[in-house]
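The values are calculated or read from the model by the stated rules, or taken from the named source; none is laboratory data. Keep in mind the model is a prediction, meaning the values are calculated, not measured. Cβ placement follows ideal geometry from the backbone for every residue including glycine, while neighbour counts extend to all protein chains displayed.
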Amino acid sequence: MKKKLVIVLLALLSVVCLSFGLAACGGEEEGSHTHEYGELVKEVPATCTTKGMQAHYYCAGCGQYFNEDKEEISEADLIIQIDSTAHTYDEYVNEVPATCSKTGMQAYYHCACGKYFDEDKKETSIEMLTIPIDKNAHNIIHIGAKSATCISKGWNEYACEFCDYSTIVEIEIDPYAHSYNSNNICIYCNSAWSYTKNLQYELNPNNSSYYVKGIGLSTDENIILPYYYEGLPVIAIGDSAFKDTSLKSITIPESVTSIDSSAFEDCTSLTGVYITDIAAWCNIEFGGYTANPLYYAHNLYLNNKPVTEITADMLQGVTKIKDYAFSGCTSLESATIPDSVTSIGRVVFNECTSLTSVELKNGQSPKTAAKINVQ
Ligand SMILES: [Zn+2]
Ligand SMILES: [Zn+2]
Ligand SMILES: [Zn+2]
Ligand SMILES: [Zn+2]
């Protein structure tokens, strides 16, 4: 019995050995194994600084390399030698123009080997790429200003950020640039602001300003509001102030910052709105669409001239244009809004039937253009 068991075990062993042997690397010595080629390792090309390697298989079991046909090959034979022309171009570097104090540099590529290449990837050098200093290429910034007044010139001063170049540009005297004191007298030229007397005023709750409450005892049809009343600024036109009057024109000074919703209700005779400062006008808080007297008057006059265009210059320094600012203004034909304006209210140009172009400078989106209701 015991002998028979041994024979069976031996037979089993030989079957195992045989099957193992059939699967082993063909014709190899004892200790050999089945190569595991795995995926073909793709060729890594050589560059100007690093060696490459041909496509190959690698058996991790025995550490043997094989070529694409799965023939044994040494690692050394797979190596591709450094190719001095095979540059790896780093990211494209945009041209940096020269300034009045610094050289510039043409657009280029750079390679890890230290070489420089022009836009067409032709080899060049830093010296060749360098753009010489351009004495006139200042970077001008606005460094100071004084406004012109009704009697004196103003100026703008500009300077270069990089060198000591600077220049002053004069601003002509502006005969309308008065500045009124609390007696409505210009502090520069002493001229008096002639305004409509006998209007009705009301002190604002903070006791530091007035608003126009009504036409009072005045019979004028062309009303000119004062800057100051009893020494305090007139900052608003109140509800129903001129409602149902035969008002033909209204002159609104810069001191006014808000107009209530029904201030000009049913003022159907109104044909002109007169202002002295477009920036101040842009800043008025209208209590609604019809609060703006342009809804009835249609014609806006700046220093007695019809406003047919709004230029970037006129809006210099303006940051906000409030809701309804030019709504109903049919005298307006074009508007250019400078990039100093960062906030544009709703329906700013609604019913501006003569307006054919509104140019928005940088920083304003097409969404903004839609918002201002350009027709
Ligand atoms: Zn192997
Ligand atoms: Zn290179
Ligand atoms: Zn300069
Ligand atoms: Zn003056």
Any hit, the range 197-210, residues being at pLDDT 95 or above and within 16 Å of ligand 4 (Cβ to nearest atom): no
Selected residue (criterion: farthest from ligand 1 (Cβ to nearest atom)) from residues of the range 108-139 that are surrounded by 13 or more Cβ atoms within 10 Å (Cβ to Cβ) and of a type in the set (A, V, I, L, M, F, W, C): A137
Residues located in the range 90-107, provided they are in contact with a His (Cβ under 8 Å, 6 or more places away or on another chain) and surrounded by 14 or more Cβ atoms within 10 Å (Cβ to Cβ): V93, T99, C100
Residues located in the range 179-188, provided they are within 9 Å of ligand 4 (Cβ to nearest atom) and touching a residue at least 40 places away in the same chain (Cβ under 8 Å): Y180
Search result, residues across the range 29-82 that are surrounded by 14 or more Cβ atoms within 10 Å (Cβ to Cβ), part of a strand (DSSP E or B) and within 14 Å of ligand 1 (Cβ to nearest atom): H56, Y57, Y58, C59, Q64, Y65, F66, I73
Qualifying residue in the range 50-66 (condition: under 30 Å from F117 (Cβ atoms) and small (G, A, S)): yes
Of all residues in the range 102-114 being in contact (Cβ under 8 Å) with a residue 60 or more places away in the chain and in a loop (DSSP other than H, G, I, E, B), the one that is nearest to the chain's Cα centre (by Cα): K102
Meets criteria (loosely packed, with under 15 Cβ neighbours inside 10 Å and either on the phi < 0 side of the Ramachandran plot or modelled with pLDDT under 95 (or both)) for S343: yes
Verdict on T99 being touching a Ser or Thr at 6+ places or on another chain (Cβ under 6 Å), in contact (Cβ under 8 Å) with a residue 40 or more places away in the chain and more than 16 Å from ligand 4 (Cβ to nearest atom): no
Any hit, the range 83-96, residues being part of a loop (DSSP other than H, G, I, E, B), in contact with an Asp or Glu (Cβ under 9 Å, 6 or more places away or on another chain) and within 16 Å of ligand 2 (Cβ to nearest atom): yes
From L247, L294, L270, residue being surrounded by 20 or more Cβ atoms within 10 Å (Cβ to Cβ), in contact with a Cys (Cβ under 7 Å, 6 or more places away or on another chain) and under 19 Å from T196 (Cβ atoms): L247
Test: residue in the range 149-161 that is surrounded by fewer than 16 Cβ atoms within 10 Å (Cβ to Cβ), within 16 Å of ligand 2 (Cβ to nearest atom) and polar (S, T, N, Q): no
Check on I151, at negative phi, away from ligand 3 (no atom under 16 Å from the Cβ) and under 32 Å from the mean Cα position of the chain (by Cα): no
